[in-house]
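Chemist: What follows is a structure written as structure tokens; I'll ask about it next.
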Amino acid sequence: MKTHQTDRRSKRTHKLLNDALLTLLSEKRYELITVEDIIRRADVGRSTFYAHYQDKEDLLISSFQHMLDIMSQQLKQVATRDQRLLPALELFQHVQSHRYLYKAIVGGRGLELLSRQGKAYFSRSIAGQLKIVAADSRTSIVPAGIIADYVASSFLTLLTWWLDNNLPYSPERMADMFQQLVMQGVQAAIGSGM
């Protein structure tokens, strides 16, 4: 019984700290936020913070992983409805909803994290969708792993540009540009009308 209470308390603390970071990110740049700001906003003690995270970057990484998990659930729902390799519109909408976190990650040292974890995540997802989408098409002239990495990298490049430029276009327009720039070539490579 005590473990259950501890798990609930731990989840509550993680949520408080995550919410505090996200709120602070909407108010000021990540590099100006201190651990003191976070614990004051979350109303938790310093020792509690350090019992869960090494530093504010560790919290940022945890927040990003949480966003990837949310995104993963959304993508699974979309994948059951259609057979797109990458549901760009839904992804741009998701990022727009959580833009403060993503802008913090894209700015500075977080970009490496986004590139590494995000690309691996998207590549795996795209590779899985490729098996479904390309199953009925002719043999692909480009190996599936290369296609998956190309699509993931291209998406992250557009996403980074969008965030760096303060979201000047709607998610719908960004998804259209992604489709025009990336997916037409992929369709030709795998011989599919995705």
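The values are calculated or read from the model by the stated rules, or taken from the named source; none is laboratory data. In this text the structure is predicted, and so the values were computed from the model without any measurement. Glycine gets a Cβ as well: all are built from the backbone with ideal geometry, and neighbour counts include every protein chain shown.
Chemist: So S62 ticks every box in (1) touching a His at 6+ places or on another chain (Cβ under 9 Å); (2) outside the structural domain of E90 (by TED's automatic domain parsing); (3) of a type in the set (S, T, Y) but one. Which box is left unticked?
Modeler: Among (1) touching a His at 6+ places or on another chain (Cβ under 9 Å); (2) outside the structural domain of E90 (by TED's automatic domain parsing); (3) of a type in the set (S, T, Y), S62 violates only (2).
Chemist: In segment 19-35, what residues are more than 10 Å from K56 (Cα to Cα) and either within 18 Å of the chain's Cα centre (by Cα) or in a helix (DSSP H, G or I) (or both)?
Modeler: Passing the criteria: D19, A20, L22, T23, L24, L25, S26, L32.
Chemist: Please pick out the residue among R124, R138 that is more than 30 Å from R29 (Cβ to Cβ) and either at pLDDT 70 or above or surrounded by 15 or more Cβ atoms within 10 Å (Cβ to Cβ) (or both).
Modeler: R124
Chemist: Please work out which one of (1) surrounded by fewer than 16 Cβ atoms within 10 Å (Cβ to Cβ); (2) at pLDDT below 90; (3) under 19 Å from the mean Cα position of the chain (by Cα) is the condition N165 fails and give its number.
Modeler: Result: N165 fails condition (2) only.
Chemist: While we're looking at this one, here's another question. Identify the residue in segment 141-155 that is in a loop (DSSP other than H, G, I, E, B) and exposed (fewer than 13 other Cβ atoms within 10 Å of the Cβ) and, among all such residues, is modelled with the lowest pLDDT.
Modeler: Only one residue fits best here, namely I141.
Chemist: Also: Between residues in segment 143-164 that are acidic (D, E) and residues that are at pLDDT below 90 and not in a helix (DSSP H, G or I), which pairs lie under 9 Å by C-beta distance while being six or more apart or on different chains?
Modeler: D164/G107
Chemist: Given the structure, is A79 over 28 Å from W161 (Cβ atoms), out of contact with any Phe, Trp or Tyr (no Cβ under 7 Å at 6 or more places or on another chain) and modelled with pLDDT under 80?
Modeler: no
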